[in-house]
Amino acid sequence: MSKTADEWEKEADNFLKSKKYQQAIECFDKAIYMGLTSAAIYNSKGVALKNQGNLKEALECYEKAAQLNPNWVFPQNNLGVVPKELGRNEESLKAFNHALTIDPNYTYAYNNKSLTLMNLKKNKRLSRLITEQSN
């Protein structure tokens, strides 16, 4: 007997929890292929991809999740995490601020926003030092 899309998603979630990211991605893909297109499945697939270092595809999954459920804070926050890892702090800050408009009490977005602001300050100080040294 073959599995349903919901069963593939459940198996994918179990693989994700046990940090077996490639297996999780394969199961998410099977569930999606079978017609499961929830924000949760795309957000979770994005998490697996991000943890594998595949940031471009992770970002695409987070964008799809946010499109499917624009009022769900998880993918909105994740849309800031990937650019933060790529050093695109302004883009990250915008995403974290947006996540906080959805849920002002979402602590992960506050923490990520704080780290991003610290990175922006550090980058500005570094830029000033380089400018001063070159003069």
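The values are calculated or read from the model by the stated rules, or taken from the named source; none is laboratory data. As the structure is a computational prediction, the values presented were derived from the model and not from experiment. No Cβ is skipped: glycine too gets one built from the backbone with ideal geometry, and neighbour counts run over all protein chains shown.
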Considering Glu57, Glu9, Glu91, which residue is farther than 20 Å from Ile102 by Cβ, acidic (Asp, Glu) and within 14 Å of the chain's Cα centre (by Cα)? Glu57
Mind listing whichever residues of segment 101-135 are under 22 Å from Asn78 (Cβ atoms), at pLDDT below 90 and among the acidic types (Asp, Glu)? none
Please enumerate the residues belonging to segment 4-22 that are more than 14 Å from Ser38 (Cβ to Cβ) and of a type in the set (Asp, Glu). Glu7, Glu11
